[in-house]
Amino acid sequence: MKRIALYPGSFDPVTNGHIDILRQTLALADEVIVAIGVHPGKKPLFSFEQRVELIHAAARDAFGAVENERIRVVAFSNLVIEVARAEGAQYLIRGLRDGTDLDYEMQMAGMNGTLAPEIQTVFLPASPTSRHITATLVRQIAQMGGNAAAFVPKAVAGPLAEIVKSGD
């Protein structure tokens, strides 16, 4: 049976922390579906299409073309567990940075486990080098004129600086 994992998030922008969790997920699953949350009421920094391109570019740089072929990107605007079910995923991947993440994610895992007991939530710890990185902080640094390149893959640093500079 093909092991399929769903890794949900905003990925706005994709960070070194996301790539860290994606690397760990590729070691566990045959296929990884990166599910980008798209909400009509929110204005992301990058469009869905741009985020798809940046995820694939960062994955290609980090893992090579062969591993990148094991990654598929989809959009969702409904419950994460429903997307996992629709995509045939057996695992829902959640990255953990600290105890605060664990408290919240344990509640979500309990709710998701009740809604879809056939889908297992898998917690993956962030590596020490990426534990402090959040997409929200990366956006804030970039939007306030700071250099966020240390927190994002090389494929993301240029587009991030450009989109902030252009004011889009």
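We did not get these values from a lab; they are worked out from the coordinates using the rules stated. Keep in mind it's a predicted model, so treat the numbers as computed, not measured. Virtual Cβ from ideal backbone geometry, glycine too; neighbours counted across all protein chains shown.
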Assuming R0 = 22 Å, what is the FRET efficiency of Val66 and Ala149, from their Cβ-Cβ distance, to the nearest 0.05? 0.25
Mind giving me the nanometre distance, one decimal, between the label points for Thr134 and Glu53, set 7 Å out from Cα along Cα→Cβ? 2.9
In a Debye calculation with equal point scatterers on the alpha-carbon sites of the chain and no solvent, what is log10 I(q)/I(0) at q = 0.12, 0.15, 0.18 Å⁻¹? -0.52, -0.83, -1.19
Sort 4-12, 151-159, 24-32 by packing, meaning the average of other beta carbons within 10 Å per residue, with the highest value first. 4-12, 151-159, 24-32
Ranked on Cβ counts within 10 Å of their own Cβ, fewest leading, Thr121, Thr114 go Thr114, Thr121
Computed from the beta carbon distance with a Förster radius of 41 Å, FRET efficiency for Lys43 and Met1 to the nearest 0.05 stands at 0.55
Each label point is 7 Å from the Cα along the Cα-to-Cβ direction; what then is the distance between the points at Ala86 and Glu105, in nm? 2.4
